[in-house]
Each structure stands twice: as structure tokens, then as C-alpha cells.
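Written below as C-alpha cells is the structure these notes are about.
The values are calculated or read from the model by the stated rules, or taken from the named source; none is laboratory data. All figures in this text were calculated on a predicted structure; none of them were measured in a lab. All Cβ positions, even for glycine, are placed from backbone atoms using ideal geometry, and neighbour counts span all protein chains on display. Side chains are part of the model used for accessible areas, which takes the heavy atoms of the whole protein and leaves out ligands, DNA and RNA. Shrake-Rupley method; radii C 1.70, N 1.55, O 1.52, S 1.80 Å.
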Amino acid sequence: MTETNKRSFMDKFTEAAMKFGAQVHLRSLRDAFAIMMPLFILAGLAVLINSVIFPKILSESTLQTAGYWATSIANATLNVSGLILCGIIGYTLSKNKGYKSPYTCVMIAIAALIVMMPQTLKIAATDGTEVEVGGSLTYGNLGTSSMFAGIIVGLLSTEIYLRLSKIDKLRVNIGGDVPPQVNASFNNMIPAMLSVIIFSIVSFILYSVFNTDLITLITTMIQEPLRKVNTSLVGTVLIYSFGNLLFTFGIHQTVVNGTILEPLLLVNMNENMAAAAAGKEIPHIINSTFVPTFGMLGGTGSTICLLIAAFLFFRKNQQYSELGKLAVAPGLFNINEPVIFGFPIVFNLPMIIPFVLTPAIGIIIAYFATAIGFMNKCTVLVPWTTPPLLNGFLATGGDFRAIIVQLVIIIIGVLLYLPFMKISERVSRKQAEALNN
């Protein structure tokens, strides 16, 4: 490929990325995740402190009590993230579309999402039996598992409301000498009510006709068909890559990986540990420690490769430099929300490719390195917050060759991230220039 052709490809790719990033719905989603970034970072720090620091300084009895703090942080962040995100999307989309009262859309989006949730739930009692209860909202329906639903409802409810609010016949103008906010509330009353009613009708149809709800429907239609894929190399790479791809669109990868892969991988891990304890041959290469150890270096997307590339090749870029300072410490413990939402990778077309491919390449390299006997199979259940290189050494029962494999994966990852970081840099620069002109 000639230099002219290379420039032509870069220009076309940059133009496509700019159009992709400028799309109002995607831009609104990216803005929403940026607003939520403090909560994601707080959740990551809580996990880090609870999993790494507390065990080093607290006794067993005190550690269990201290875990209450981390649980409360998780409940206030990740476990209600779907609901919070839905409301913020209503705000960002309406604001990006020039609507003067975006807080109204926050209210409608949250109400619409709750309307779509099941009205009765089956909860396990203390004796192990299931009890059906009503009038309850669970973290399972409010948190990361409902994030996809939150995105859909947030976008749709805002679009419906904005369209209805433009219909003059639906506006109620009480006139007179009343405060502007009161008049605006009556002005938007019918469009707001109709927007929530539309979602309540959909919820009623799902319940009465199909005996389901939106959360269950999404789980069934997206997650369940993927359960048929087992933990073979092809199956793991496909599912894990799909989960990472969803993450680039703001849907946490645990929605797919945590449901489809993790239970099967954990069974493999248990069998490996039992075989190691009995002195038998280790049966499985791929397990719940193998995948994050070689496919999640520095966090989802193996973003430690991105940070290394930023430090080595983008020192003059202030954004990358500041991001590196913020993200390097949590990144060493595989916590990379600052990178995913601060770079950002979410809804950033140039960064989607290395974010998805780098973990897949790492898993494939480690698989064949294990299959040919270059390194031991993973037999130790290592916490996912264990730093790269150390986790490979521990997971394989103290095999230094695992560190070599991880270093090879990191080098390849840096080389893969590098060109797309350059494209992303060009996109950001051109977008800034367009705003200033």
C-alpha cells in the first residue's frame, strides 16, 4: 500500500469515525457514561480496597465486617447503574437535541423503566423455598443486568416525549400570572403522561400475553441463545469478544460473560483444582482464571496495553498523559473504568477494534502456549484484581513461563492499540478544530 493510499484510508476511516461519534444518540450515550464515570471509578476503588488492601491489614473477623462498606458502595453504584443510566440518558439526549427542560426527560425515563420491570418477584426464603412477593425492586433489575434495558428505555422514552411535546394540541397553557416553572409543568403534562402510559401498555402486553417483562425478554433473547456455546477456544473467544463489543456500546460485558461464560468456566476451574489436589492430570485449559489472566490484562480490553502505548508514544498529548496518571494505579489491579469511560473507548469507533481484538488474541496465544506444553494449565483460583504478570505466575502454580506469555501478549497488544490511538487522536483534533471554526 502506497503512502497516498495509506493517507486516503486514514482520512476515510477518520471521517467515518467522526460521523459515527457525532450521531446524536451515540453522542448522548457517551455523554451519559461520562457523567456516570465517578460512580464507576468509586465502585472499582471499593473492589480494590476490599479485595487487595483489607485482606492485608485486617483479621478474618474484622474483614467480614469491613466488607459491609464495600457492599454499600456497590449497592449505591453498580447495583443501581441501570436505573441511574436510564435517567441520565434522558437528560443528555434531550439536552443534545436542544430541549429546554431536560430534567423532565430524566423523570419520564426513570418512570418508564420502572413501569417495564416485573410487578412480582420470586425471592428465595431462608429455608431455601421461593416466595412470590410484590411491590419490590431488586438490585438485579436495577443494576448492570438492566443496563441494556435502561439504554433502550432511556432513548425511546425521551424520543417519544420530545415528539409528543411538539404537538400543540397536547399542550396545556394555563396562562395568568403564574410562575414560569408551574406553567411549563402544565404545558408538558399531557406529553409526559402519555409517554409513561405508552410504556405501561407495552409492559401490560408483555405480562398478559407473553407472561414476561422487558428484563426477562432481553435476557432470554440475547443471553439464552448464547448459552449453547461451550467453553471451547472458539466458543470462549466468540462470547468473550461479543461481551467486550457490547461494552464499547456501554453495556457491561458481565451481562453476557457473567451469565454465559462464568458458570461454565468456574466448573472447569473446580475440576482443575480437584485434579491438582489429587495429583491427577489437569483436564481443562480454559477456565475462570485463564480467561481474565490472559484476556483481561489491566482490565477488560487488556487496556494496560493502551496505557503503555500512551506512556511510550503519546507523551505530548495532554489528554493521554493526564488519563495515564489517573488510570495507571487502578489499571495495575485490572480496574479500568477511567480508561473505558475517560479515554473514552465507549462509542469511540477507532478504539473498538483493538479493545475487542486484543483480549481475543491474548486468549488464543495463551491457549496454544498451554496446549503445546510451554506453560502449566491454570490450577489456582486467582482474584481478578491480582496485577498482570503476578496473576499469571500464581494462576499456573508458580510457572515463570506464564509471565513470558503475558509479556508477549502485552507487546502485541501495544502494537495493535498504537495505530488506532493515532486515529482517535486525529479524530479528536479535527472535532476540536470543527468546533472552534
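Which semi-axis lengths, in whole Å and largest first, follow from the square roots of five times the eigenvalues of the Cα gyration tensor of segment 331-437? Sorted largest first and rounded, they come to 34, 15, 9 Å. Taken per residue, the accessible surface of segment 350-437 reaches 46 Å², heavy atoms only and a 1.4 Å probe.
Fully extended, how many nm does the chain gain between Gln319 and Lys280 (0.36 nm per residue separation, minus their Cα-Cα distance)? Write out the running numbers ahead of the final one.
Values: separation 39, 0.36 × 39 = 14.04 nm, distance 5.16 nm.
Extending this stretch completely gives an extra 8.9 nm.
When the accessible area of segment 280-325 is split by element with a 1.4 Å probe, what percent falls to carbon and sulfur? The nonpolar share, carbon plus sulfur, comes to 56 percent. Roughly speaking, what is the centre-to-centre gap between segment 374-437 and segment 288-317 when only Cα atoms are used, to the nearest Å? Spelled out, the Cα-based centre of one part sits 3 Å from the other. Taking +1 at the Cβ of each Lys and Arg and -1 at the Cβ of each Asp and Glu, which of Trp384, Pro350, Ile364 sits farthest along the dipole of segment 325-427 towards its positive end, judged by Cα position relative to the Cα centre? Result: Pro350.
Please go through segment 282-321 and write out the chymotrypsin sites (Phe, Trp or Tyr not before Pro) that DSSP classes as loop and that have at most 11 other C-beta atoms within 10 Å. Working shown, then result.
On the way: sites: Phe290, Phe294, Phe311, Phe313, Phe314, Tyr320; in loops: Phe314.
Passing both the DSSP loop test and the Cβ count: no residue.
Sorted by packing (mean other beta-carbon atoms within 10 Å per residue), highest first, where do 146-157, 362-373, 324-335 land? Let's see the in-between values first.
On the way: 146-157: 24.3, 362-373: 17.8, 324-335: 20.1.
Ranking, from highest mean packing down: 146-157, 324-335, 362-373.
In this structure, the pairs whose alpha-carbon distance is over 26 Å, taken from Lys95/Lys430; Lys377/Lys422; Lys316/Lys430; Lys325/Lys422; Lys97/Lys430, are Lys377/Lys422. Magnitude of the charge dipole for segment 49-171, about its Cα centre and with charges confined to Cβ atoms of Lys, Arg (+1) and Asp, Glu (-1), is about 860 debye.
Approximating the spin labels as points 7 Å out from Cα along Cα→Cβ, the Lys169-to-Ile353 distance works out to 5.1 nm. The Cα-based radius of gyration and maximum Cα-Cα distance (Dmax) for segment 257-386 are 16.7, 55 Å.
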